[in-house]
1. Where is the GNM fluctuation largest for chain B (alpha-carbon springs, 10 angstrom cutoff): B:Asn106, B:Asn127, B:Asn260?
2. What does the copy distance list look like for A:Phe205, label position 7 Å along Cα→Cβ, in nm and ordered from shortest?
3. With a/c under 1.5 counting as rounded, go ahead and sort segment B:1-115 into rounded, prolate or oblate using the C-alpha gyration tensor (a ≥ b ≥ c being the square roots of the eigenvalues; past the cut-off, prolate if a/b is larger than b/c, else oblate).
4. With label points built 7 Å along Cα→Cβ from the Cα atoms of A:Gln25 and A:Arg226, find their separation and express it in nm.
5. Only protein chains counted, 1.4 angstrom probe. Which residues of segment A:309-332 are at least 50 Å² less accessible in the assembly than when their chain is isolated?
6. In nm to one decimal, list the spacings between the A:Met230 label point and its equivalents in the other copies, with label points set 7 Å along Cα to Cβ, shortest first.
7. With runs of 4+ DSSP H residues as the only contributors, calculate the mean residue ellipticity of chain B at 222 nm using -39,500 (n - 2.57) per run, divided by the residue total and rounded to the nearest 500.
8. What's the FRET efficiency of A:Asp237 with B:Ala200 using the Cβ-Cβ distance as r and R₀ = 30 Å, to the nearest 0.05?
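The values are calculated or read from the model by the stated rules, or taken from the named source; none is laboratory data. This is a predicted model, so every value here is computed, not measured. Positions of Cβ are generated from backbone atoms using ideal geometry, with glycine treated the same way; all protein chains shown enter the neighbour counts. Surface areas here come from the heavy atoms of the whole protein model, side chains and all, with no ligands, DNA or RNA. Shrake-Rupley method; radii C 1.70, N 1.55, O 1.52, S 1.80 Å.
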2 protein chains.
Amino acid sequence: MKKVINNPENVVEEMLEGMAAAYPQYVRKLDGFDVMIRTNAPVKGKVALVSGGGSGHEPSHAGFVGKGMLDAAVAGAVFTSPTPDQIYEAIKAVDGGAGVLLIIKNYTGDIMNFEMAAEMAEGDGVNIEKVVVNDDVAVEDSLYTTGRRGIAGTVFVHKIAGAKAEAGGTLVEVKNTAEKVINNVRSMGFALTPCTVPAAGKPNFTLGEDEMEIGIGIHGEPGTMRTSIMKADEIVDHLLDKITKDLPYEAGDEVAVMVNGLGATPLMEQFIMNRRVSEVLKEKKIKVYKTFIGEFMTSLEMAGASITLLKLDEELKTLLDASADTPAFRQL
Amino acid sequence: MKKVINNPENVVEEMLEGMAAAYPQYVRKLDGFDVMIRTNAPVKGKVALVSGGGSGHEPSHAGFVGKGMLDAAVAGAVFTSPTPDQIYEAIKAVDGGAGVLLIIKNYTGDIMNFEMAAEMAEGDGVNIEKVVVNDDVAVEDSLYTTGRRGIAGTVFVHKIAGAKAEAGGTLVEVKNTAEKVINNVRSMGFALTPCTVPAAGKPNFTLGEDEMEIGIGIHGEPGTMRTSIMKADEIVDHLLDKITKDLPYEAGDEVAVMVNGLGATPLMEQFIMNRRVSEVLKEKKIKVYKTFIGEFMTSLEMAGASITLLKLDEELKTLLDASADTPAFRQL
């Protein structure tokens, strides 16, 4: 296992300590918990956004804690749902009196634990709403999921619901905005290599030297097809065909695009993918409003990427364009 | 070779096309040349900054073209110096009448070709100054270098000289600011794996399953030591010992820190490194002013990272803090 770590058992805690040391202007670690919150939390009178999940998807989610996005991110063990008590502590730490929206990726364990935490916090009088992101069009049901998985589209939910909360939206308004994003966002990914959970010490699946897997999940869950390695344009065509047919995205629509690297795939290859994304969308007369390229929702050092489309209206465009200032997403 | 590409011969051009499609608000590709320039170039009356080098180090350098940083980035073939005519075209495209500063990493081919381009542009009446970045403390002389190599510290030169130019500095002032950064910045890196240049199709060196190389260059140039894989803290201690002794950085100094991923090493591991960086600097009573973590100067899909320290004074702090708006570096 070639990793820059000290002890596989401590990777999450040490990561969060290193992150807190790097970004005191943005985040601090909640004492005794693997939870990152805004330095200035709680923000009085603002709806607070809490997200999180298993670690190993960095910069998701703690990298998006800051002005215009999240108030707290809860970090479970690698590829493991955070515990209810962690989530409860995060909620309590960031509630500014206007309520808390929980943004949950659709994994069975995450939903169960976020819901338990919500009940605990509601018992203390905190107003809670929750949304579940399920943007991955690859498969219905999966290794850890009933229904579709939540993947990189979650970052658009953080960005846009975060902007709505920052602008003074009420808890119900922020929830409705988040739901609107979820209803309009679709993603799909692929992998060229597996990744290794530090505590396991060996790859989470195997792929031959000339093989790739289409539709893979961000924890290595099986996808839709295992095939010999395709050219970049062929991969993009395949993913975009599934994605655009799903909502569907049609001629005249306006979208935000995210090309998301899963870990080991360099920016060079992500840009080569985007070249074809922009060509295909132009052919389909779908207008690209804004493009985001980089690592947003990773899978440790997996080689691969995902494509996300978000269909926009004027409200979503305004919120997408609002300034944000977090460790991993900044916009002037 | 597991890469998301179409044709190894076209990776640079297709990458730049994909980048131009992604970020029309920031950059455009110069017709017929592998050169990215600011969308609004030339900026009249502002000193223009031109950098670049071989491709494969993304987001360097085109990711740093935009307000507060570069005006143009010239992209050579992968790990290959750009040609003089490319660099000349970049200079001509961004000269706004106040002169052009060339920021060159210390590789023999880069220096030769940037100097030839400078002579050509000077022949046309463009005022040119140049600086050479040589921040890598690992080795004197190297495979492609006389003297020390230029690596991730170059990004601090882009940021700070770019801020000086944006603030209206003259060509000589901007050059002097760049030199001040170069005099105060030191870096060193390591690798756990090699990487594969697409046109070569095979890894650029070999490392055993339990081996790592300390002091490696960003093109896979030999480092100072090949050893079995060390713990993250041991790696950091080793690199920081070399870096801090070199300038030297001493008790009472104030620094900016960059932990730079080389490609396949996840943010998780970069944060674990930074945890130790902050501990060691605290022990040494060197104050951390600001920390930057992520991929700034990569080496395709190499696993590994580098650490950079920049010693700051009040002027450098102000310029480092100035807002910047580029594809890969944004600061409010």
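1. Fluctuation is largest for B:Asn127.
2. Copy-to-copy label distances for A:Phe205: 3.4 nm.
3. Values: a/c = 2.07, a/b = 1.32, b/c = 1.57.
It comes out oblate by the Cα gyration axes.
4. Each label point lies 7 Å from its Cα, and together they span 4.8 nm.
5. Buried by the other chains: A:Arg330, A:Leu332.
6. Spacings between copies for this position, smallest first, are 4.4 nm.
7. Values: 8 runs with 107 residues, N = 332.
That calculation yields -10500 deg cm²/dmol at 222 nm.
8. On the way: r = 27 Å, r/R0 = 0.91.
With R0 = 30 Å, the Cβ-Cβ based efficiency is 0.65.
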